[in-house]
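S.K.: The structure under discussion is supplied below as structure tokens; questions concerning it will follow.
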Amino acid sequence: MKLLAIPAEALRAMSLNGLRTVLTMLGMIIGVAAVVLMLAIGQGAQNTVNQSIASMGSNLFIVLSGASTSGGLRMGSGSVPTLTFADAQALAQIPSVKFVAPVYPGTAQLAYGANNWSTGVSGTTPEFLEVRNWPLDSGHPFEDSDVRGATRVVLLGQTVAQNLFGDEDPTGKTLRIKNLPFMVIGLLAPKGQSLDGRDQDDIAIIPVTTAQRKLFGNQFPGTVRYISVQAKSAEVMEEAEREMIQVLRQRHRLAESAENDFMVRNLTAVAQTAAGSAQAMSFMLGAIASISLLVGGIGIMNIMLVSVTERTREIGIRMAIGARRRDILLQFLLEALMICVAGGLAGVLLGVGGAWAVASFADMAVEVSLSAILLSFAFAAATGVFFGFYPAQRAARLKPVEALRYE
Amino acid sequence: MPLIRVEKLYKQYEIAGGQATPVLHGVDLTIEAGEFVAIMGPSGSGKSTFMNILGCLDTPTSGNYFLDGENVAGLSNDELAALRNRLIGFVFQGFNLLKRVTALDNVALPLLYAGLSKSARREQARDILKQTGLENFTLSLPNQLSGGQQQRVAIARALVNRPPLILADEPTGNLDTQTSREIMDIFTRLNREQGITIILVTHEPDIAHYAGRLVRFVDGRVAHDGDVAGHAEHG
């Protein structure tokens, strides 16, 4: 009963000074709302980045053909097709490597009935889908036997299927690529945008041998443009990279002094950078918002100090009629705490509402997480205790005689 | 056992510069339960300081103060607060009611610190307000009441814990003669009918005459202790 009596006194004192209480609370409301909103925006950005990264596949390398020099002109990477299907098969033997997918990409016109569509056609092996972490919506992937036999089968991305078949299920249909008939054996699951904004669903996948021999033949039989490699785990990335370079140098019979005629790129590093910067942004937004919460807390301390001074005589009266120091301490501490908790609640509502508004009007990815709400709320309460304690202690330390004499 | 026994009470205030100003020079006094004592003396004579010490609002520099048999000197702040709550009712010159708090809640306030439930607090406060003739003003705020009514609310607040001792510091100082008489009648009745010990500081000889015993302070010492008649007129 006494436990409730002191809070009731604190509540009454607050309601007697309604306007001031609300204004003080406003600092808290804005601070908490800012924290909730900023964390939501940061979390949203982080999620977007993480999704893009996950859609790319994890622990990835890409092995590209090297640069060539022709008559003093350096032609840029990939200008000489030095990588072959056999290179890919050799890389697959490395213990730290999980999946290897050689890719021979090209662009071709696809036609089905009256519709036609130009898209990137990637010749590759069944492992490609594993490396890219890409399930099928319907149908089945092609097999190693399709690669050996260079069969004319194709897997379609969502965008391609949409443009050629509309809402029809393309599986089992026959379409034409560069006028050659291909059987659609599967529909890839949607993947959305890549990190650089490309539509990953605008793709057709065929066996690598079919691409080499029947669609995009060139003067270097058996070559591929690049090889996607997935390492067994993040821990063995460095080891895999070292071994791949060793194997490829050996296969390409490069002298000790010769430069690599290929390049191994670690895609995870790129992804980590992107994820890291998203996290840094999220952290920074949270930090800035926390400052407003801190300012709100200082506002509360300021008001509580004024309140203690203003109510010195009241404190004296309460002490004279039997209030102990801890009663006074508790009352003022509770006043500060209630302001913070009430302000914190209102701030959470405002922050969640703001996040919703940002999500619907600014079309941003925003995620309000429960942990962010709890965190900012706990921070608000802690602010109340921290900034309320000093004024409350000052009130409790007053001497009854002096407090009573105070004008 | 006397209600109040004070032995060799000294009090001095430290002022800036390290010089101590003595206020009380060894006061010895005994007050029995049920007495009505008026304390007089010129300003600076130490009577207010003495009252503050009696009220456990201030502590003596040296000496002993036994209140209801207990030596107050060794008590902590919280123990003193509990003692004030249980044994002493205060009535001040300036009423010292909480502004913007109703008469009823002002009166009920000591019971809050005594640990009573809200309904019990309200009930007792209402009873006491009836005794002081304010049953129609329970929900009034102090600034809606006259000075006399405010002082009656303050007396009700002092009484609500049923303390054996009431300390009144110039309770009629801000009141007109007629109202002062009404207030003093209440004190007299409390003293006679309920046996409450009353100690009252005043400047006015008229007021002192309500008491049964006069203690006069001069320069921090008791200059007179005894009959009121013939000794109250020096102001």
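S.K.: For residue B:20 and residue A:407, FRET efficiency with R0 = 35 Å and r from the beta-carbon atoms, rounded to 0.05?
M.R.: Calculated value: 0.85.
S.K.: Just want to confirm a number: the relative contact order over the stretch A:167-274, from Cα pairs under 8 angstrom separated by 6+ residues, in percent.
M.R.: Result for the stretch A:167-274 is 10 percent.
S.K.: Enumerate by residue number the trypsin sites (Lys or Arg not before Pro) in the stretch A:128-237 meeting two conditions: DSSP loop (anything except H, G, I, E, B), and at most 13 other Cβ atoms within 10 Å of the site's Cβ.
M.R.: In loop regions of the stretch A:128-237 (DSSP not H, G, I, E or B), the sparsely surrounded trypsin sites (Lys or Arg not before Pro) are A:198.
S.K.: By how many degrees, between 0 and 90 and to the nearest 10, does the Cα long axis of helix B:147-159 differ from the longest principal axis of chain B?
M.R.: On a 0 to 90 degree scale, this one is about 80.
S.K.: Using only the Cα atoms of the stretch B:128-175, build the gyration tensor, take square roots of its eigenvalues as a ≥ b ≥ c, and label the shape rounded, prolate or oblate: rounded if a/c is under 1.5, else prolate if a/b is larger than b/c, else oblate.
M.R.: Cα axes put the stretch B:128-175 in the oblate bin.
S.K.: Over chain A, calculate the relative contact order: mean separation of alpha carbon pairs under 8 Å at least 6 apart, over the residue count, as a percent.
M.R.: Once divided by the residue count of chain A, the mean separation gives 29 percent.
S.K.: Expressed as an acute angle from 0 to 90° and rounded to the nearest 10, what is the orientation of the C-alpha long axis of helix A:2-16 relative to the principal long axis of chain A?
M.R.: It works out to around 90 degrees.
S.K.: Also: Once the Cα gyration tensor of the stretch A:81-260 is found, what semi-axes does its equivalent ellipsoid get, as square roots of 5 times the eigenvalues, in whole Å, sorted largest first?
M.R.: 31, 18, 14
S.K.: Follow-up question, since we're still on this one. Taking all pairs of distinct Cα atoms, average 1/r, flip it, and tell me the Kirkwood hydrodynamic radius of the stretch A:264-394 in Å to one decimal place.
M.R.: 17.6 Å
S.K.: Within 10 Å of each Cβ of B:48-61, how many other protein chain Cβ atoms are there on average?
M.R.: Averaged over the peptide's residues, the number is 2.
S.K.: Specify the residue with the greatest mean-square fluctuation among A:380, A:108, A:33, computed from a Gaussian network of chain A linking alpha-carbon atoms under 10 Å apart.
M.R.: A:108
S.K.: Explain nothing, just the number: relative contact order of the stretch A:81-260, from Cα pairs under 8 Å at least 6 residues apart, as a whole percent.
M.R.: About 33 percent, as a whole number.
S.K.: Give the interface area between chains B and A as buried accessible surface, both sides summed, probe 1.4 Å, in Å² to the nearest 100.
M.R.: When B and A are taken together, about 2300 Å² of accessible area is lost.
S.K.: Here is a further query. Quick one: which residues, 5+ away or cross-chain, put their amide H under 5 Å from the amide H of residue B:91? H built at 1.01 Å from N.
M.R.: Under 5 Å from the amide H of residue B:91: B:167, B:168, B:169.
S.K.: Could you name the lysines whose alpha carbon sits less than 24 Å from that of residue A:173, not counting residues in the same chain fewer than 8 places away?
M.R.: A:191, A:214
S.K.: Expressed as an acute angle from 0 to 90° and rounded to the nearest 10, what is the orientation of the C-alpha long axis of helix A:370-396 relative to the principal long axis of chain A?
M.R.: The answer is roughly 20 degrees.
S.K.: Which one, A:236, A:274, A:298, projects farthest toward the positive side of the charge dipole computed for the stretch A:233-305 from Cβ point charges (K/R +1, D/E -1)?
M.R.: A:298
S.K.: If you don't mind, another one. Which residue fluctuates the most in chain A, going by a Gaussian network model with Cα springs under 10 Å, if the choices are A:39, A:345, A:374?
M.R.: Between A:39, A:345, A:374, it is A:374 that shows the largest mean-square fluctuation.
S.K.: Counting only heavy atoms of protein chains, what accessible area per residue, in Å², does the protein assembly as shown have with a probe of 1.4 Å?
M.R.: 46 Å²
S.K.: Which residue, A:328, A:343, A:120, has the largest displacement toward the positive end of the dipole of the protein assembly as shown when charges sit on each Cβ (Lys, Arg +1; Asp, Glu -1)?
M.R.: Sorting the options by dipole projection puts first A:120.
S.K.: Here is a follow-up. How many Cβ atoms of partner chains, on average, are near each residue of B:108-118 if near means within 10 Å of its Cβ?
M.R.: 5
S.K.: For residue B:136 paired with residue A:279, estimate the spin-label separation in nm (one decimal), with each label point 7 Å from Cα along the Cα-to-Cβ line.
M.R.: With each label point 7 Å from Cα toward Cβ, the separation is 7.6 nm.
S.K.: Which whole-Hz couplings ³J(HN,Hα) result when phi for each residue of the stretch A:128-134 is put into the Karplus expression 6.51 cos²θ - 1.76 cosθ + 1.60, θ = phi - 60°, listed in order with x for Gly and Pro?
M.R.: 3, 5, 5, 4, 7, 6, 10
S.K.: Another question, if that's okay. Put a dot 7 Å past each Cα toward the Cβ at residue A:255 and residue B:117; how far apart are the dots in nm?
M.R.: Simple spin-label model gives 10.2 nm for this pair.
S.K.: Give me a single rounded figure for A:116-126: the average over its residues of other chain Cβ atoms within 10 Å of their Cβ.
M.R.: The shielding value for this peptide is 0.
S.K.: At a 1.4 Å probe, what is the % contribution of carbon and sulfur to the accessible area of chain A?
M.R.: Roughly 60 percent of what the probe reaches on chain A is carbon or sulfur.
S.K.: Calculate, for residue B:181 and residue A:8, the FRET efficiency according to 1/(1 + (r/R0)^6) with r their C-beta to C-beta distance and R0 30 Å; round to the nearest 0.05.
M.R.: 0.20
S.K.: In terms of the Cα gyration tensor, with a ≥ b ≥ c the square roots of its eigenvalues, is chain B rounded because a/c is under 1.5, prolate because a/b exceeds b/c, or oblate?
M.R.: prolate
S.K.: Something else about it: Let a ≥ b ≥ c be the square roots of the eigenvalues of the Cα gyration tensor of the protein assembly as shown; is it rounded (a/c under 1.5), or, if not, prolate (a/b larger than b/c) or oblate?
M.R.: Prolate is the answer for the protein assembly as shown, as a/c is 1.5 or above and a/b outweighs b/c.
S.K.: Let me ask something else about it. Set Lys and Arg Cβ to +1 and Asp and Glu Cβ to -1, take the dipole of the stretch B:109-227 about its Cα centre, and tell me which of B:168, B:133, B:224 lies farthest positive.
M.R.: Towards the positive end, the residue furthest out is B:133.
S.K.: Taking amide hydrogens as modeled 1.01 Å from N in the peptide plane, which residues meet the under 5 Å criterion relative to residue B:63, leaving out close sequence neighbours?
M.R.: B:10
S.K.: Follow-up. About the Cα centre, and with charges only on the beta carbon of Lys, Arg (+1) and Asp, Glu (-1), how big is the dipole of the protein assembly as shown? Nearest 20 debye, please.
M.R.: 420 debye
S.K.: Right, something else. Okay, helix-only estimate at 222 nm for the protein assembly as shown: each DSSP H run of n ≥ 4 adds -39500 (n - 2.57), divide by all residues, round to 500 deg cm²/dmol; what do you get?
M.R.: The helix contribution divided over the protein assembly as shown gives -15500 deg cm²/dmol.
S.K.: Still on this model: Quick one: what are the phi-derived ³J(HN,Hα) couplings along the stretch A:253-262, Karplus 6.51/-1.76/1.60 with θ = phi - 60°, whole Hz, x for glycine and proline?
M.R.: 6, 8, 5, 3, 7, 6, 6, 4, 9, 8
S.K.: Take the Cα of residue A:361, step 7 Å along the line toward its Cβ, and report every residue of the stretch A:1-38 whose backbone nitrogen sits under 18 Å from that point.
M.R.: Zone members listed by number: A:30, A:33-38.
S.K.: Could you give the length gained on full extension between residue A:26 and residue A:116, defined as 0.36 nm per residue of separation minus the Cα-Cα distance, in nm?
M.R.: Stretched out fully, the residue A:26 to residue A:116 stretch lengthens by 26.4 nm.
S.K.: Still on this structure, please answer the following. Please work out the FRET efficiency for the pair residue A:168 and residue A:291, using the Cβ-Cβ distance as r and a Förster radius of 56 Å; give the result to the nearest 0.05.
M.R.: Calculated value: 0.50.
The values are calculated or read from the model by the stated rules, or taken from the named source; none is laboratory data. This structure is a prediction, so every number in the text was calculated from the model and none was measured. Backbone-built Cβ (ideal geometry, glycine too); neighbour counts: all protein chains shown. In case anyone asks, the SASA skips ligands and DNA or RNA and just uses the protein heavy atoms, side chains included. Shrake-Rupley method; radii C 1.70, N 1.55, O 1.52, S 1.80 Å.
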